[in-house]
Amino acid sequence: MRCESFSNDLVLSACDCLVLGLDTEWAKSSELAKLNEATNGLLKQLIETEEISTKPLKMTQIVAPAGLQTKLLLTVGLGSPGSRDANVYSRAAAAALKVIASKKRGIVRVVGFQGTGLSLRGAVSGAMVGCVGQDLFRKEKSLYQPDCIQWVGLDEATVQAGVILGESINFTRRLVNLPPNYLYPETLADEAKQLGRDDSVKVEVWDRKRLEAEGCGALLGVARGSVRDPRLVILRYNGAAADVAPTVLVGKGVTFDSGGYSIKPTDGMLTMKCDMAGAATVLGIMKAAVQFQVKHNLVAIIGLVENLISGDAFKLGDVLTARSGKTIEIHNTDAEGRLVLADCLNVALDQKPARIVDFATLTGACCVGLGLEISGLMTNNEAWQSEIKKAADACGEYTWPLPMHAFFTEQIAGKIADIKNVGEGRYGGAMTAAKFLQEFVADVAWTHIDIAGPAFLDSPKPWCDAGGTGTLVRTFVELLSN
Ligand code: BES
Ligand code: MN
Ligand code: ZN
């Protein structure tokens, strides 16, 4: 699919579909005036009588509108420019393209989106997200990317920046959507290696032997139940001087989480291919950051394992020794993500980082607390956390800070080892998990992001098919671009 800037005559040049974004100030738009004139005043009439709505994401389809050189006119509401949610542009563009992508289309032209670079990049990337569904293994696709999307009034640089964002979000979504018999530690590591085709990225893959030599006992403990060997992948990108301390991005990559001997019920296990979304998010961010050649030094570390059951799997009561030397008593084999991350965070410390952020589908408790649309932020450094929150707010992605009181740490004291891998009972589960992770970051500025809710949709939304969402890829690419 091509995406390009368009500046020819709106009325005279033909297209298959015309998407018209309409905000409450539509009467001031010169493009709308042109289209209205071509339709003999019909458009204005329909808007005034509220047949066509300017409310956010409200859509109206008009087939073969008289006077316009298009088979389909799709209007989509953009609300009021003064008081609109930061995600309206990306979601409106996505929702419109999702409708249009229900069948094969040639040229789709989009008009009526005007605003800051940030919101326009959001629209372009949103459109790319909207027209890609979870059709990886379907003969009859549910969504078809059009041949071309033309953006009226956007400059080419803005369109191409949006394309990089859109491709990276869709890359993350595809990894999350791949089934666990296709995507497992080795194949996910291969996907990461592909990013190394760009000369500015160096990729290092640790196999089982290396993980043993490195003493990654926590990660290896989880991996023991699977016949598929684990991996730890390190990607390095230098966009600043060599002596500038890097930002380290860490991702949980449990390619399938059965719960282990603390086995999940079928309903809860069904979607647990999504448990590598943290790793996929990190890879999506790296993919875009490299293409933008951002001015930061970045290290990405992803821990890849399957959490399964076998005669050799880790058990309740086992004690694992993490790479840091801390000993961990296993009280629940379903609290595996923090074990994988414990060793990844320790490897992160070796990079002498300026700051660390980790992404993980870590706890159901975070979904209970914040719902399915908001990622939980937990930190040892308020400044780093609020920088992330601000970037997410600006992009219209939802995050919210959760408390990190010292007393949560008391709950993870071990009986015979240094710590245990769950708190006391299930209350406060998102925070006790974060406090466990904090044991492995020393005093480096660190923010943990629990994406268990937003990373995966059980059912489709108007602006995104079900499955992986690519949440926070855009936020971090924008954050690193500033
Ligand atoms: N991968 C799950 C968390 C999860 C739940 C992700 C729902 C996405 C959707 C994680 O490994 C897990 O099982 N956590 C346990 C922790 C508990 C045993 C302390 C949980 O949340 O129940
Ligand atoms: Mn689990
Ligand atoms: Zn898990």
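Every test in (1) more than 14 Å from ligand 1 (Cβ to nearest atom); (2) buried (at least 17 other Cβ atoms within 10 Å of the Cβ); (3) not small (Gly, Ala, Ser) is passed by LYS352 save one, and that test is (2). Can we say SER324 is away from ligand 1 (no atom under 13 Å from the Cβ), polar (S, T, N, Q), in a loop (DSSP other than H, G, I, E, B) and open to solvent by 40 Å² or more (accessible area, probe 1.4 Å)? Yes, satisfied. If I ask for residues that are charged (D, E, K, R) and open to solvent by 10 Å² or more (accessible area, probe 1.4 Å), which ones from the stretch 407-464 would you list? Result: GLU410, LYS415, ASP418, GLU424, ARG426, LYS435, GLU439, ASP443, ASP458, LYS461. Within the bounds of the stretch 185-192, is there any residue that is away from ligand 1 (no atom under 16 Å from the Cβ), among the hydroxyl-bearing types (Ser, Thr, Tyr) and without any contact (Cβ under 8 Å) to a residue 40 or more places away in the chain? Yes; the residues of the stretch 185-192 include at least one that is away from ligand 1 (no atom under 16 Å from the Cβ), among the hydroxyl-bearing types (Ser, Thr, Tyr) and without any contact (Cβ under 8 Å) to a residue 40 or more places away in the chain. Taking (1) among the hydrophobic types (A, V, I, L, M, F, W, C); (2) open to solvent by less than 70 Å² (accessible area, probe 1.4 Å); (3) not assigned by TED's automatic domain parsing to the domain that holds LEU345 in turn, LEU136 satisfies each apart from (2). Return a yes/no flag: does the stretch 256-271 have any residue that is in contact with a Lys or Arg (Cβ under 7 Å, 6 or more places away or on another chain) and part of a loop (DSSP other than H, G, I, E, B). Yes, the stretch 256-271 contains a residue that is in contact with a Lys or Arg (Cβ under 7 Å, 6 or more places away or on another chain) and part of a loop (DSSP other than H, G, I, E, B). For VAL250, the stated conditions hold: it is under 17 Å from LEU339 (Cα atoms) and either in a loop (DSSP other than H, G, I, E, B) or in contact (Cβ under 8 Å) with a residue 24 or more places away in the chain (or both). Of all residues in the stretch 73-120, those satisfying the criterion of being part of a strand (DSSP E or B) and either open to solvent by less than 10 Å² (accessible area, probe 1.4 Å) or of a type in the set (Phe, Trp, Tyr) (or both) are LEU73, LEU74, THR75, VAL76, GLY77, LEU78, GLY79, VAL108, ARG109, VAL110, VAL111.
Reported count of residues in the stretch 298-321, each being open to solvent by 50 Å² or more (accessible area, probe 1.4 Å) and of a type in the set (Val, Ile, Thr), is 3. Within the stretch 422-469, the set of residues being assigned to a loop (DSSP other than H, G, I, E, B), more than 14 Å from ARG173 (Cα to Cα) and touching an Asp or Glu at 6+ places or on another chain (Cβ under 7 Å) comprises just one member, GLY453. Beta carbons closer than 9 Å, at least 6 apart along the sequence or on distinct chains, pair a first residue in the stretch 400-429 that is basic (Lys, Arg) with a second that is outside any loop (DSSP other than H, G, I, E, B) for LYS415/GLU329; LYS420/ILE328; LYS420/GLU329; LYS420/ALA413; LYS420/PHE436; ARG426/GLY364; ARG426/ALA365; ARG426/VAL368.
The values are calculated or read from the model by the stated rules, or taken from the named source; none is laboratory data. Here the structure is a predicted model, which means the values were calculated and not measured. Reconstructed Cβ throughout: ideal geometry from the backbone, glycine too, with neighbour counts over all protein chains shown. Note: accessible area is taken over every heavy atom of the protein model, side chains too, but ligands, DNA and RNA are not part of it. Shrake-Rupley method; radii C 1.70, N 1.55, O 1.52, S 1.80 Å.
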